Amino acid sequence: MSDSPTRTPLPPLEQDLPRSKKVYVDPELQVPFREIALTNGQPPLRVYDTTGPQGHDPHRGIPRRRAPWLEQRLGSGRKNLSQMHFARQGVVTEEMRFCAIRENVAPEF
């Protein structure tokens, strides 16, 4: 008898959430939202989509979304790369823009 538990794979999101689809806002940053179809002619409702990338092998990992953003900063020769450091200098990073889009606020906020 095996010691490892039997695991049932998760069904595809399209099956669990048939009246919604994943959409991306901002062509550069690809901020994910879930667009939910409503009834009575109402426009779709957009909400956070925290499902992460789909269809990737969990043993190999998911794509590193921030890698190009970090490479650019690492190549600049700066020593302090924290978000707080950039915020104090008035620099809006890609991470700040990404969060601002998700929160529906101005990046400077």
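Computed from the coordinates by the stated procedures, all read-outs in this text should not be read as laboratory data. For clarity, every value in this text was computed on a predicted model and none was experimentally measured. Neighbour counts run over all protein chains shown; Cβ positions are idealised from the backbone, glycine included.
How far, in nm, would the chain grow between Tyr48 and Thr8 when pulled straight, counting 0.36 nm per residue and subtracting the alpha carbon separation? Could the numbers behind the result be given before it?
On the way: separation 40, 0.36 × 40 = 14.40 nm, distance 2.59 nm.
Result for the pair: 11.8 nm of gain on full extension.
Would you kindly derive the ³J(HN,Hα) couplings of the stretch 15-22 from the backbone phi angles with the Karplus curve 6.51 cos²θ - 1.76 cosθ + 1.60 (θ = phi - 60°), listing them in order in whole Hz, with x for Gly and Pro?
Result, ordered by residue: 6, 6, 10, x, 9, 9, 8, 7 Hz.
So how much slack lies between Ala106 and Lys79, counting 0.36 nm per residue of separation and subtracting their Cα-Cα distance, in nm?
7.0 nm
Cβ under 14 Å from Met96's Cβ, Met96 left aside: what net charge do those residues give with Lys, Arg +1 and Asp, Glu -1?
-1
If I build a Gaussian network model for the chain, linking alpha-carbon pairs within less than 10 angstrom, which residue out of Asp16, Asp57, Asp26 has the largest mean-square fluctuation?
The residue that fluctuates most here is Asp57.
Gain in length, Glu95 to Arg64, computed as 0.36 nm per residue apart minus the alpha-carbon separation, to one decimal in nm?
Roughly 9.9 nm would be gained on extension.
Given Cα pairs under 8 Å that are at least 6 residues apart, what percent is the relative contact order of the stretch 8-108?
17 percent
Rounding to the nearest 10 and keeping the result within 0 to 90°, find how far the Cα-based axis of helix 94-103 lies from the longest principal axis of the chain.
Once rounded, the angle reads 50 degrees.
Can you give me the Kirkwood hydrodynamic radius for the stretch 22-77, using every pair of distinct Cα atoms, in Å to one decimal?
Across the stretch 22-77, the inverse of the average 1/r is 14.0 Å.
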